[in-house]
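Down below is the structure, laid out as structure tokens.
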Amino acid sequence: MGKITGFMEFTRELPKKRKVEERIGDYKELYLPFSEEKKKEQASRCMNCGIPFCHTGCPLGNLIPDWNDLVYRGDWKHALDELHSTNNFPEFTGRLCPAPCEEACVLGIHEPAVTIEEIEKSIIEKGFAEGWVKPEPPESRTGKKVAVIGSGPSGLACAQQLNRAGHTVVVLERADRIGGLLRYGIPHFKMEKWVIDRRLEVMEAEGIEFRTNVHVGKDVTKEDLEREYDAVVFCGGATKSRDLPIEGRDLDGVHFAMEFLPQSNSRVEGDDVMAKGLWEKELLATDRNVIVIGGGDTGSDCIGTSIRQGAKSVENFELMPMPPVGRPETQPWPFWPMKLRVSTSHEEGCERHYSILTKRFIGEDGKLTGLETIQIEMVPPEGGGRPQIKEIEGSEKVWPCEMAILALGFVAPETGTIVAQYDCELDSRGNVKIDDNWMSTTEGFFAAGDAQRGQSLIVWAISDGRECAVSVDEYLMGKPSELPRKMGSDLPRV
């Protein structure tokens, strides 16, 4: 490394955030500018650690020490090349990834980890600012045509890689804009949507065609796809929300997170949301007591959105106990630890409640007015197995609530249309079953991302899209692909 003592000279530092009272008044991103000198200092903290475990923490196998050192030396363009060699969209992961690489950082054993995610974001933003991010169309075309269903991170990554292999690629998206979860699931304050549009301009210039408002399986059938394409890649995500089927679930005011967030994002984009015809009513947290059920990232996004919409109060319920502040002994370095994390939305004004079970929704005249909860504890069963829920007698409570948002995660992809038409087998969790070459049980129909993995991270989706593209290329051309493979991708998939 260029500065082998950097980790001893500088401590971990990140850009400062805009003040809470300012940022909750808009949907702009949160962070203030960070000087180039500060970025170089942070990059210099990357140790000459011998075995960079950050590689194992990153699903993409990003060459983290390499581009850290290049940033420290001021060679940003070379750093961008190294970053793009493994990651198609560092502007997405640099904003949205929970950074498992940082939890695996060797320096993080005894000191605060290297600010890998911030450096990644800095490299790509420097690249766009300097005009270094340019279209890379293929030199020639193969004559093969591929349909990619879904325009989330896995679909976009797969499409870009297949296009670079020379195939003609069409991305089919049922929404009115490209981006999938990036567009309609992630609030603007975490990633403004010009970030997506900027990348799409590059991809279109490379020759990729995007078609919106196309619901594959309804507007386009299996027969249509077979006539036009030589291969199909299903990247529809895991979009079936986990429900909470308790008393009062049908009351007006109980909504899935993925009803609430997409409508909000559409509104921020300037749409007349009711004119789009996608929702029966306008969902707004304004002047309401809001309870978000679910303590993950999606729940956090609902909290920040509710606050910006002017909610009267925001509470957050989590079934599991409060995790420890530090790394649990049962989850040693370099594994991803289940520890207490405070998001920017949590900072903005909500109460978090743990070990709490929602028993029923309460309403009047069909409208939600409150909900009843009870405190619980997790009791290990005799003989081992998963802990069982035990309700704590006398801990019942009724909460005022006019909007309850279910942010309980996602259970599986939607498989009732095109997946069913292709007669694809599903795995035990309801995902599309694939072989080691990313192909489903129907020849020529591939799947990548959450559609075959289940609910996961954006960084895994990009990785899956890239790896799937290699297999599709080999299927189409009948020979080994020249597309890059991730280190270790020849090992059995788990």
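Miscellaneous remarks
- Partnerless Cys - the chain, beta-carbon criterion under 4.7 Å: C46, C49, C97, C105, C158, C235, C302, C350, C401, C424, C468
- Considering only beta bridges that DSSP places wholly inside the chain, some 40 percent are antiparallel.
- Within region 243-408, antiparallel bridges make up roughly 45 percent of the DSSP beta bridges whose residues both belong there.
- At most 13 other Cβ within 10 Å, DSSP loop - GluC sites (Glu not before Pro), region 93-144: E130, E139
- Farthest towards the positive end of the charge dipole of the chain, among the residues G385, Y422, G296, is the Cα of G296, using unit charges on the Cβ of Lys, Arg, Asp and Glu.
- Protection proxy ranking, peptides 23-29, 352-358, 320-326, average beta carbon neighbours within 10 Å, highest first: 352-358, 23-29, 320-326
- Potential lengthening between E269 and R249 on full extension [0.36 nm per residue; Cα-Cα distance subtracted]: 4.2 nm
- Residue-wise HN-Hα couplings along region 152-159, as the Karplus relation 6.51 cos²θ - 1.76 cosθ + 1.60 with θ = phi - 60° gives them from phi, are x, x, 5, x, 5, 5, 4, 4 Hz; Gly and Pro carry x.
- Theoretical ellipticity at 222 nm over the chain - DSSP helices of four or more residues, -39500 (n - 2.57) apiece, nearest 500: -8500 deg cm²/dmol
- The distance separating the Cα centre of region 217-294 from that of region 415-459 comes to 21 Å.
- Neighbour-limited loop hits for GluC sites (Glu not before Pro), region 376-439 (at most 13 other Cβ within 10 Å; DSSP other than H, G, I, E, B): E382, E393, E396, E425
- Across region 44-56, coupling constants 3J(HN,Hα) worked out from phi with the 6.51/-1.76/1.60 Karplus curve, θ = phi - 60°, read 5, 6, 5, 7, 7, 7, x, 10, x, 5, 4, 4, 6 Hz, and Gly and Pro carry x.
- Full-stretch length increase - T142, S428 - with 0.36 nm per residue and alpha-carbon distance subtracted: 99.3 nm
- Amide H contacts under 5 Å for N289: K312, S313, E402, M403, restricted to partners 5 or more places along the chain or on a different chain, H placed in the peptide plane at 1.01 Å from N.
- Each residue of region 18-28 is assigned a 3J(HN,Hα), and the resulting list reads 4, 4, 4, 5, 7, 6, 6, x, 8, 10, 7 Hz, derived from the Karplus form 6.51 cos²θ - 1.76 cosθ + 1.60 (θ = phi - 60°), x at Gly and Pro.
- For region 257-309, trypsin sites (Lys or Arg not before Pro) meeting the loop criterion (DSSP other than H, G, I, E, B) and having at most 14 other Cβ atoms within 10 Å: K281.
Read-outs: derived from the displayed coordinates by stated rules, not from any lab. Everything numeric in this text was worked out from a predicted model, so none of it was measured. FYI the Cβ positions are ideal-geometry reconstructions off the backbone, even for glycines, and counts take in every protein chain you see.
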